[in-house]
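Structure first, commentary second.
Bear in mind these aren't lab numbers, they're just calculated from the coordinates by the rules spelled out. These figures come from a predicted structure and were not determined experimentally. Note that each Cβ is placed from the backbone with ideal geometry, even for glycine, and that neighbours are counted across all protein chains shown.
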Amino acid sequence: MLTSRKGALFTLIVISMVAMGVLLGQPASAGPVSLGPTAIPSPGDAKKYEYKGIFVGATTDAVRVKLGDPKEKSDAMDMYVFSANEAVQFYYAADHKVNAMMITFSGDLTTAPSAKDVFGADVPPKPDGSVFKMERYTKEGYWMSYNRTAGPDAVVSIAVQRI
């Protein structure tokens, strides 16, 4: 399970990523790439990002049919906890479609994707060992970020949001 420290970090990262979209004046809307245990860009002209078959723009019903009952459920957000090391939050717009998603891996990161898995190219670590990259896919209508904290209790967070 997420420890209270990791839970607080998870919440802080989610709030920061959602706030970033709000502060940049970006209503959240996206097109999907592919993530299971690892993220793999989908072939084709438009980049898409999927997590367990769900992409930004999918309906609330599609998420719940595909993934089952969430641990926490509301009209605005669903939270799924797949293991002690993997969780995801889906945020919904007024039209009941996924507006943003925040995928978090903590503890044992062997199933967490690397930045290369997500973006298709290596991202050099910062001096402290952390990794961060954000890209905007304006043609496809979304932005995506990858953050891996440094240290022995590293956390990997992937955020995708409509722009």
Amide H contacts under 5 Å for TYR51, placed H, 5+ residues apart: LEU35
query: What is the gain in length, in nm to one decimal, between ALA121 and LYS52 on full extension, counting 0.36 nm per residue of separation less the C-alpha to C-alpha distance?
result: 22.7 nm
- line: Plugging the Cβ-Cβ distance of ASP69 and ASP108 into 1/(1 + (r/R0)^6) at R0 = 30 Å yields, to the nearest 0.05, a FRET efficiency of 0.75
message: Over the Cα atoms of region 47-107, what radius of gyration and what Dmax do you get, in Å?
response: 10.9, 35
statement: Here the FRET efficiency for ALA62 versus ALA150, based on Cβ atoms and R0 = 30 Å and rounded to 0.05, is 0.25
statement: From fewest to most C-beta neighbours within 10 Å, the residues VAL98, VAL65, VAL131, VAL81 line up as VAL65, VAL81, VAL131, VAL98
- prompt: In nanometres, what is the gap between the two model label sites at ALA84 and THR138, each 7 Å from Cα along Cα-to-Cβ?
  reply: 4.6
statement: For region 88-97, in residue order, the Karplus 3J(HN,Hα) values (coefficients 6.51, -1.76, 1.60; θ = phi - 60°; whole Hz; Gly and Pro = x) are 9, 10, 10, 9, 10, 7, 4, 7, 6, 10
